[in-house]
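Input: a single structure, listed below in structure tokens.
Computed from the coordinates by the stated procedures, all read-outs in this text should not be read as laboratory data. Every value quoted in this text rests on a predicted model; they were computed, and no experiment measured them. Cβ: placed from backbone, ideal geometry, glycine included. Neighbour counts: every protein chain shown.
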Amino acid sequence: MLDVERIYNINLGKIYSIGRHRERARKAVKLVRAFAARHMKTAEEKVVIGMDVNELIWQNGMQRPPRRLRLKMLKDKDGTVMVSLEVPVKAGAGKKEEKAVPKKAGGKAPAAKEAKKEVPAAPAAAAPAGQKA
């Protein structure tokens with residue numbers, strides 16, 4: 001059964017100032033693991049990070065993890081700590097959806113474009129004035 005259940009806000013802003021930008025997401029995962037071990041008083045090997053937390057950290061790529069996380073940590077009787085999001089994020093919630101832009105009423109009609117295509121080209125029988133053929 002559960003021994004301890006706590007909710008924490010973790011500031012990951014410090015990983016933006018240390019190390020290379022290509023290692024930020026990996027360092028964020030390590031920082032979450034170390035934070036959970038320190039605050040729940042257990043070893044880092046006994047910390048299990050949930051898939052939802054991992055996907056949220058890696059959502060924007062390895063260079064731009066989130067600055068803050070709100071996490072729920074559950075500790076069992078044997079000392080295993082399970083880390084998950086406090087509020088589950090719906091799949092694709094971070095992705096922006098494209099909005100359909102309505103067409104303006106004063107724009108050119110598609111029929112005008114078709115009319116231009118149907119006009120035959122003028123024959124090039126005679127050379128312009130002032131040039132030799």
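Peptide packing: for 15-24, 60-69, the average count of neighbouring Cβ atoms within 10 Å per residue gives the ranking 60-69, 15-24, highest mean first.
Since only Ala37, Leu12, Val47 are under comparison, the one whose Cα sits farthest along the positive direction of the charge dipole of the stretch 1-53, derived from C-beta charges on Lys, Arg, Asp and Glu, is Leu12.
3J(HN,Hα) along the stretch 2-12, derived from phi through the Karplus expression 6.51 cos²θ - 1.76 cosθ + 1.60 where θ = phi - 60°, amounts to 7, 9, 9, 10, 9, 10, 10, 9, 10, 8, 9 Hz, with x in place of Gly and Pro. Arranged from fewest to most other beta-carbon atoms within 10 Å of their beta carbon, Met51, Met40 become Met51, Met40. In order along the stretch 19-24, the Karplus-derived 3J(HN,Hα) couplings, from 6.51 cos²θ - 1.76 cosθ + 1.60 at θ = phi - 60°, round to x, 7, 6, 7, 10, 5 Hz, and Gly and Pro are given as x. Under the shape rule built on the C-alpha gyration tensor, where the axes satisfy a ≥ b ≥ c, the stretch 2-85 is prolate, since a/c reaches at least 1.5 and a/b is greater than b/c. Our estimate of slack between His39 and Gln59, defined as 0.36 nm per intervening residue step minus the Cα-Cα distance, is 4.6 nm. The string of couplings for the stretch 69-75 from the Karplus curve (6.51, -1.76, 1.60, θ = phi - 60°) is 10, 10, 10, 10, 10, 10, 10 Hz, one whole number per residue in order, with x for Gly and Pro.
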